[in-house]
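Trainee: This is the structure, below, for whatever I ask next.
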Amino acid sequence: MSTLILLLLTGLGLAGLYFLVSSGLSLVFGLADVLNFAHGLFLSVGAYATWWAATHLPGAGSEGPGFLLAVVVGVVAGAAVASIVELVLIRPLYRRTIQQVLVTVGLSLAGVALLQAVWGADARPFPRPAWTSRVTTIGGAAVPNSSLLLAAVAVVVLAALLAFLRFTRVGLVIRAGVEDRAMVAALGIDVRKAFTLVFAVGGAAAALAGILAGVHFTTVSPGQGTSLLIFGFIVVVIGGMGSITGTAWAAVAVGVLQQFVNYYSAGLGDICVVALLALVLLVRPQGLAGVVGGARA
Amino acid sequence: MAGVPPLLSVVDLRVRIGGSPILHGVTFDVPGTGVTVLLGRNGAGKSTTLKAVLGLTPIGSQVGGRVLFDGVPTANVATHQLVRRGLGYVPEDRGIFAGLTVAENLKLAHRVDKPDYDTAYGLFPELKQRGRQRAGTLSGGQQQMLAIARVLINPNRLLLVDEPTKGLAPRLVTEVADVVSRVAHSVPILLVEQNLGLVRRVGHDAVVLSAGTVAYSGALGPLLDDEQLTRSLLGVGQHHDAARGGLVA
């Protein structure tokens, strides 16, 4: 029983990480039709900015308020880089899907290479509060605090995103734009303004994912973001493009499944996730929350 | 009409979509009063004309020629800016956001600080009661009302309305005809419509498209009175149309 609880809670922690990676990806794809392969770079930027701030920035550190400050620096850096990428690289290429893929793939490769050039290819110990490496006993299971932190932060981000989409004017424009972008323009709304904001929000969430991945895995390395991105894409496809709640459910399914299968089968978890992806694509190609024919121009 | 400049001028409009030509040089004017009907058989290019005026033709399509709205060329003006200058659009498929509520659909359409809900709710009181209902669960007629109301809460200089009676029951066709004729008192309309009963009731001027070119342009009355001309241009007799249940008294 305690094993089940442990697997479930650590699976939910993993799900939290996946949700943070994929929420921005899903919104960006749903609204702007941009398949952003550079999203993994935003994770790495967040993680490295926090790592740098914790060691160099006065007042920042690896404990308490100092760590929070370092996290804020990382999140702001992720949002800023994402906005700049949208304004400089993506904006001139809207409606040109192939070119977008090329530029984002190239940016992601170049970004990883740049991080390697500056800080080396080796993993570096990530600054983290001491309590995140301890465990909490729940129902007889010793659950790592970092897993609980991941799940809790994901729930807070989910609630904040839903409130933002539901109660703000920009949120309304985003929800409508995901359904039919051309019609939003035909109502007199400059839908592109919302694109930059969605990139910034997605970049912030991705940076948070990168930081928490550093805390959870205890190290940060240049390629970390890119390898997490693969699962991010899988979650987005399973959840249905553009739906935040669909993304959340898909993240839970993928994270928990992966954790359980990995425990009982010695490393088949990743394959199982790909099998789940194939199954969803066969049975429900629009994703869990997707609408049939929802991919209008 | 001589001496009064048209509100909208379409000059030699050419559109190719996916390599195939849809419009081959369409030229017509829309005066600043009354209802101008845009007629033609299915596939003649009526909806494409409206979309091209608004810059809404699909990705990869080529658009040539000129469109002047109130004398100003629209070629380099973004769709949302054209709409903000007073071009209201009610598309053929209604363009309702199914996942949003009725109230949210209306709220999204706000272009001014004080949107005029009185006119919209006056015409369609049902929309007020159904404010919290998801627009996707409305009937076809209700969705059409929402699409029209969404445009009417803003001040418009010209409405582009694409087949508002498509797929509606005869009773609703009458209702839409009432709305169109009431709205036409305050704002000019360029109306795409297949229902000749409705056209006869509300229209003043007519433009008939045939295979991507203008086959007739002028007053509506002489066109509809000439049964042979109507039949040759539109492919339907008026009595046949009445038999379909579409005629509005």
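The values are calculated or read from the model by the stated rules, or taken from the named source; none is laboratory data. Predicted model, so just to flag it, every value in this text is computed and none were measured. Note that we place each Cβ from the backbone using ideal geometry, even for glycine, and neighbour counts take in every protein chain shown.
Trainee: Looking at the stretch B:92-115, which of its residues are within 12 Å of A:G188 (Cβ to Cβ) and surrounded by fewer than 15 Cβ atoms within 10 Å (Cβ to Cβ)?
Mentor: B:V112
Trainee: Hey, among A:L268, A:L212, A:L165, A:L187, which residue is out of contact with any Ser or Thr (no Cβ under 9 Å at 6 or more places or on another chain), over 20 Å from A:V85 (Cα atoms), of a type outside the set (D, E, K, R) and modelled with pLDDT of 95 or more?
Mentor: Values: A:L268 fails: modelled with pLDDT of 95 or more; A:L212 fails: out of contact with any Ser or Thr (no Cβ under 9 Å at 6 or more places or on another chain); A:L165 fails: modelled with pLDDT of 95 or more.
Among A:L268, A:L212, A:L165, A:L187, only A:L187 is out of contact with any Ser or Thr (no Cβ under 9 Å at 6 or more places or on another chain), over 20 Å from A:V85 (Cα atoms), of a type outside the set (D, E, K, R) and modelled with pLDDT of 95 or more.
Trainee: Checking the structure you have, find out if any residue of the stretch A:116-128 is outside any helix (DSSP H, G or I), within 11 Å of chain B (Cβ to nearest Cβ) and among the aromatic types (F, W, Y).
Mentor: The initial filter retains those residues of the stretch A:116-128 that are outside any helix (DSSP H, G or I), namely A:120-128.
From the residues that got through so far, the ones that are within 11 Å of chain B (Cβ to nearest Cβ) too are none.
No - not one qualifying residue is present in the stretch A:116-128.
Trainee: Just checking, which of B:T74, B:T79 is within 10 Å of chain A (Cβ to nearest Cβ), within 25 Å of B:I22 (Cβ to Cβ), among the hydroxyl-bearing types (S, T, Y) and out of contact with any Pro (no Cβ under 6 Å at 6 or more places or on another chain)? Quick ask: steps written out before the conclusion?
Mentor: Details: B:T74 fails: within 10 Å of chain A (Cβ to nearest Cβ).
Testing whether each residue is within 10 Å of chain A (Cβ to nearest Cβ), within 25 Å of B:I22 (Cβ to Cβ), among the hydroxyl-bearing types (S, T, Y) and out of contact with any Pro (no Cβ under 6 Å at 6 or more places or on another chain) leaves just B:T79.
Trainee: Hey, another quick one. What is the number of the single condition among (1) more than 16 Å from the chain's Cα centre (by Cα); (2) within 14 Å of chain A (Cβ to nearest Cβ); (3) crowded, with 23+ Cβ neighbours inside 10 Å that B:I59 does not meet?
Mentor: Of everything listed in (1) more than 16 Å from the chain's Cα centre (by Cα); (2) within 14 Å of chain A (Cβ to nearest Cβ); (3) crowded, with 23+ Cβ neighbours inside 10 Å, B:I59 misses just condition (3).
Trainee: Considering each residue of the stretch A:155-199, count those that are under 18 Å from the mean Cα position of the chain (by Cα), under 17 Å from A:F29 (Cβ atoms) and within 14 Å of chain B (Cβ to nearest Cβ), and give that number.
Mentor: 2
Trainee: Sticking with this one: When residues of the stretch A:42-72 are filtered for being surrounded by fewer than 19 Cβ atoms within 10 Å (Cβ to Cβ) and either within 26 Å of A:F199 (Cα to Cα) or without any contact (Cβ under 8 Å) to a residue 24 or more places away in the chain (or both), how many remain?
Mentor: 10
Condition check ((1) among the hydrophobic types (A, V, I, L, M, F, W, C); (2) in a helix (DSSP H, G or I); (3) at pLDDT below 90) across all residues:
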site: A:T226; (1), (2), (3): no, yes, yes
site: A:F231; (1), (2), (3): yes, yes, no
site: A:I234; (1), (2), (3): yes, yes, no
site: A:I238; (1), (2), (3): yes, yes, no
site: A:M241; (1), (2), (3): yes, no, yes
site: A:G246; (1), (2), (3): no, yes, no
site: A:W249; (1), (2), (3): yes, yes, no
site: A:V252; (1), (2), (3): yes, yes, no
site: A:Q258; (1), (2), (3): no, yes, no
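Trainee: Oh, and also: Write out, first by first residue and then by second, each pair whose Cβ atoms fall under 7 Å of each other, whose residues are 6+ apart or on separate chains, and whose first residue, in the stretch A:96-119, is within 10 Å of A:N36 (Cβ to Cβ) while the second is among the β-branched types (V, I, T) and assigned to a helix (DSSP H, G or I).
Mentor: A:Q100/A:I90; A:L107/A:V85; A:S108/A:T226
Trainee: Taking the condition more than 14 Å from chain B (Cβ to nearest Cβ), more than 28 Å from A:R284 (Cβ to Cβ) and among the hydrophobic types (A, V, I, L, M, F, W, C), does A:V220 pass?
Mentor: Yes, satisfied.
Trainee: Test each condition in (1) within 14 Å of chain A (Cβ to nearest Cβ); (2) of a type in the set (G, A, S); (3) closer than 30 Å to B:V214 by Cα for B:A109 and report the one that comes out false.
Mentor: In the conditions (1) within 14 Å of chain A (Cβ to nearest Cβ); (2) of a type in the set (G, A, S); (3) closer than 30 Å to B:V214 by Cα, B:A109 misses (3) alone.
Trainee: Quick check on the stretch B:62-91: of everything there that is touching a residue at least 24 places away in the same chain (Cβ under 8 Å) and in a loop (DSSP other than H, G, I, E, B), which residue is surrounded by the fewest Cβ atoms within 10 Å (Cβ to Cβ)?
Mentor: Within the stretch B:62-91, the match that is surrounded by the fewest Cβ atoms within 10 Å (Cβ to Cβ) is B:G71.
Trainee: Assigned to a helix (DSSP H, G or I) and more than 13 Å from the chain's Cα centre (by Cα) - does that describe any residue in the stretch A:200-212?
Mentor: no
Trainee: Among the helices (runs of 4 or more DSSP H) contained in the stretch A:1-107, which hold 3 or more residues that are more than 20 Å from A:I211 (Cβ to Cβ)? Spell out how you get there, then give the answer.
Mentor: Numbers: elements: A:2-32, A:39-56, A:64-85.
It comes to A:2-32.
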